[in-house]
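K.L.:
Quick one: the structure is below, questions incoming.
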Amino acid sequence: MNQQFNFKCASGELEEIPQQLLQKEQFSFPEVHLHAEEMVKLSKAIKDYRNEEYVKLPFCVTIEAEALGAKVNLGDKNIGPRISQYSINSIDELGDIPRINYRKNRIKEVLDAIQILSDEGEKAILSVQGPYTIAQSLIEPKLLFKAARKDKDKVDKLLNLIEDEVVGYIKEGINRGVKIISYSDSSGTLDILGPNMYEELSGKYNLNVLKKVSKVLKDGIIHICGVTSASLQNSGLIKSISYELNEELTYSEAINKVIDENKNIKVIGHNCINRFNMKMKKPKVWVIEW
Amino acid sequence: MDNIKEPLINDLSEAVVEMDEERTEELANQCIDKGVDVLTAINEGLAKGMEQAGKLYDEGEYYIPELLMCSDAMYKGIDILKPHLPKDSETKFKAVIGVVQGDTHDIGKNLVKIMMETAGFEMYDLGRDVPAVEFVSKAKEVGACIIALSTLMSTTMCGMEDVIKILEEEKLRDKIKVMIGGGPISQKFADKIGADAYTTDATKAAKVAVEIAKGLSEGK
C-alpha cells in the first residue's frame, strides 16, 4: 500500500509580501497586481530581500478566476486581491464560462511580466491554482456540491473546461520562459471534500493537469504544494519516490541536484515552494509519478 | 408525543441527515398541517438531524460538502416552521460570526454557524471579508457574548488580533469572548494574540461556545 502523507501548511509569512517592502514608496497598491512593470519591480525586490534564486508571480490567487469571469476586489497595501463576486449563480450556468483571453486583463500582465523577467535572465516561478480552487471562486461551493449530486455531467463539463484553461495558462507561461510551475489546489483537498467528492471534484482533474503539463515542460518542472500532493497520494492517484541527499543544501539546491542527475524528472511534491531557500541538513526531494 | 406525530419528527430528522431538501420541506408542512408542536419539530426533528450529521462528520462518514447540504435541508424546514413559533420563545445566547477582512473562504465559518445555531445560539453572520471594527460594532449592537472569527489564509490571520485589540480599547474584553478557527490557525497562534478559544472543527466550536456563554452568564 502507498505511504499515507500528512502535510501541514506552515508557509505563514513567506506567502506574504514582506512588510519592509510594503512600506517603500516605490511600490504602489493595487498597481503591483495590475501592471507588468510593477510586478517585475516587486518580484525582483522580494527575491533580493529574501536572498532567493527565483522570482515568483503573481502576488495573489485570483488571476485565473478573474480571467474566467469572477469579479475581484484588488484591495490595498494591507490586504491583497480577493474574489468579490461569483460569475456563476445557478447550476444551469455551469457550462457557461468564457475562455481565457491572454491578451486582456491581469493575466496578460502576469505573462508579460514573466516574459520581461525571463528576457532579463531571471528564473521565474509561476503560481497556478488547480481546477477546484478556481471553480469555487466562480461559484458558491454549496451550489457546486449540490450539482455534483444531482447534475454530475454539468459539473464535469465545468471542471473539464477549467482543466483545459489551466493547462493552456501553464503552456503560455512555459512559452514565456517560466522555469517552475508552482501548482496548488489548496481548497480541494481530501480532508475538506471527503473521498467521494474529492475524486469527483478535485483529484482526477489535478491528475489530468499533471499528466498533460508534464509532457510539455521543456527543461522546467512542476512543483506541487504538499497539501495538494498529499491528497493525491492518499487517494491513490499518484505515488512518490524520495531522493535523500547526504549534504547540507537548500531545498531548491537539492531539487536542482536531483534533476541534474535524473533529467526525466518533471514533477516534485510533498513540500512547499516557500521553503526553497531553507537549508536542510539531509534534504529529501519527493518525485511524483502515476 | 403521540403515535402519529413521532414518526413525522423522526422522518424530519432523517430527511436532514439524508440532505433531502424537498422531503424536509414536505415533512415540515405536514407538521404544520397535523398540529405538531413547532418547537418540538425544530429541536427534536431538524436540529437532531443536524446533530446526527455532525456526529457522522466526527466519525469520518460525512465531510464538509455533506454537512453543508444537510444544513440547507435543515434551513428549508426552519423557514417553514419558524413563522409558526410562539413569540415568547426563550432568550438565546447571541454570537457574531464572520470571515476576517481579506479572505472570502467561508465554508468553515458556515459550518461553525450551523453547529452553534443547532446548539441554541442566535447567530449574527456578517459574511466574508469583514473589517475588524464591524465585528465589534455588531456585537455591541445585538448584545453578543461571543465573536467567532475564521480565516483560511495565513495572510489575513492578523485581522483576528485587530478584533481583540479593538475590544481591549473599548474595555469589552471581559464581556465579549473571541473564538478563532480555520486552516492556518493553531492553539499557539490563539495564545499569541490572546484569543479565548481555538477549536479544530465546527462541532467542537459549538461545544466550547456553549461553555463560554454559560460561564459568562454565571459571572465566571
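The values are calculated or read from the model by the stated rules, or taken from the named source; none is laboratory data. A quick note: this is a predicted structure, and the numbers were derived from the prediction, not measured. Using ideal geometry, Cβ is built from the backbone for each residue, glycine included, and neighbour counts are taken over all protein chains shown.
K.L.:
Just give me the residues in region A:251-290 being more than 21 Å from the chain's Cα centre (by Cα) and among the polar types (S, T, N, Q), in sequence order.
P.N.:
A:262, A:264
K.L.:
Scanning region B:93-132 for residues that are β-branched (Val, Ile, Thr) and more than 14 Å from every other protein chain (Cβ to nearest Cβ), which turns out farthest from residue B:177 (Cα to Cα)?
P.N.:
Going through the qualifying residues, I end up with B:118.
K.L.:
Take region A:243-261 and flag every residue that is surrounded by 11 or more Cβ atoms within 10 Å (Cβ to Cβ) and either on the phi > 0 side of the Ramachandran plot or among the polar types (S, T, N, Q) (or both).
P.N.:
Correct list: A:250, A:252, A:256.
K.L.:
Here is a follow-up. Hey, any hits in region A:21-36 for a residue that's modelled with pLDDT of 80 or more, loosely packed, with under 14 Cβ neighbours inside 10 Å, over 21 Å from the mean Cα position of the chain (by Cα) and within 13 Å of another protein chain (Cβ to nearest Cβ)?
P.N.:
Looking through region A:21-36, none of the residues is modelled with pLDDT of 80 or more, loosely packed, with under 14 Cβ neighbours inside 10 Å, over 21 Å from the mean Cα position of the chain (by Cα) and within 13 Å of another protein chain (Cβ to nearest Cβ).
K.L.:
Moving on to the next point. So how many residues does region A:203-220 have that are among the small types (Gly, Ala, Ser) and not in a helix (DSSP H, G or I)?
P.N.:
Number satisfying all stated conditions: 1.
K.L.:
Within region A:63-157, considering only helices (runs of 4 or more DSSP H) that don't extend past its boundaries, which have at least 3 residues that are within 30 Å of residue A:194 (Cα to Cα) and hydroxyl-bearing (Ser, Thr, Tyr)?
P.N.:
Per the criteria, A:131-138.
K.L.:
Does region B:178-187 contain at least one residue that is in a helix (DSSP H, G or I), out of contact with any helix residue (DSSP H, G or I) (no Cβ under 9 Å at 6 or more places or on another chain), assigned by TED's automatic domain parsing to the domain that holds residue B:144 and without any contact (Cβ under 8 Å) to a residue 12 or more places away in the chain?
P.N.:
The answer is yes; a qualifying residue exists.
K.L.:
Right, residue B:103: buried (at least 20 other Cβ atoms within 10 Å of the Cβ), among the acidic types (Asp, Glu) and under 20 Å from residue A:192 (Cα atoms) or not?
P.N.:
yes
K.L.:
Confirm whether residue A:10 is under 22 Å from the mean Cα position of the chain (by Cα) and closer than 20 Å to residue A:252 by Cβ.
P.N.:
The answer is yes for residue A:10.
K.L.:
Checking residue B:70 against (1) more than 14 Å from chain A (Cβ to nearest Cβ); (2) of a type in the set (A, V, I, L, M, F, W, C); (3) farther than 20 Å from residue B:164 by Cβ; (4) out of contact with any Ser or Thr (no Cβ under 8 Å at 6 or more places or on another chain), which single condition isn't satisfied?
P.N.:
(1)
K.L.:
Test residue A:81 against the criterion of being within 14 Å of chain B (Cβ to nearest Cβ), over 25 Å from residue A:142 (Cβ atoms), crowded, with 19+ Cβ neighbours inside 10 Å and of a type outside the set (A, V, I, L, M), and give yes or no.
P.N.:
No.
K.L.:
Okay, next question. Tell me whether region B:132-147 contains one or more residues that are without any contact (Cβ under 8 Å) to a residue 24 or more places away in the chain and not charged (D, E, K, R).
P.N.:
For region B:132-147, residues without any contact (Cβ under 8 Å) to a residue 24 or more places away in the chain and not charged (D, E, K, R): present.
K.L.:
For residue A:243, are the conditions met, namely being modelled with pLDDT of 95 or more, more than 14 Å from the chain's Cα centre (by Cα) and within 14 Å of chain B (Cβ to nearest Cβ)?
P.N.:
Taking the combined requirement at face value, the residue does not satisfy it.
K.L.:
Right, here's the next one. Which condition from (1) within 14 Å of chain A (Cβ to nearest Cβ); (2) at negative phi is the one that residue B:27 breaks?
P.N.:
So the condition that residue B:27 fails would be (1).
K.L.:
Moving on to the next point. Restricting to region B:25-42, count the residues that are touching a Gly at 6+ places or on another chain (Cβ under 9 Å) and either in a helix (DSSP H, G or I) or in contact (Cβ under 8 Å) with a residue 40 or more places away in the chain (or both).
P.N.:
Summing the residues that are touching a Gly at 6+ places or on another chain (Cβ under 9 Å) and either in a helix (DSSP H, G or I) or in contact (Cβ under 8 Å) with a residue 40 or more places away in the chain (or both) in region B:25-42 gives 6.
K.L.:
Out of everything in region B:143-175 that is within 14 Å of chain A (Cβ to nearest Cβ) and assigned to a helix (DSSP H, G or I), what residue ends up being surrounded by the most Cβ atoms within 10 Å (Cβ to Cβ)?
P.N.:
The residue in question is B:160.
K.L.:
Would you mind finding the one in B:127, B:108 that is among the small types (Gly, Ala, Ser), within 27 Å of residue A:72 (Cβ to Cβ), in the same structural domain as residue B:168 (by TED's automatic domain parsing) and not in a loop (DSSP other than H, G, I, E, B)?
P.N.:
B:108
K.L.:
Now for a different question. Would you point out the residue of region A:169-208, among those that are away from every other protein chain (no Cβ under 14 Å) and touching a Cys at 6+ places or on another chain (Cβ under 9 Å), that is surrounded by the most Cβ atoms within 10 Å (Cβ to Cβ)?
P.N.:
Ranking the qualifying residues of region A:169-208, first place goes to A:183.
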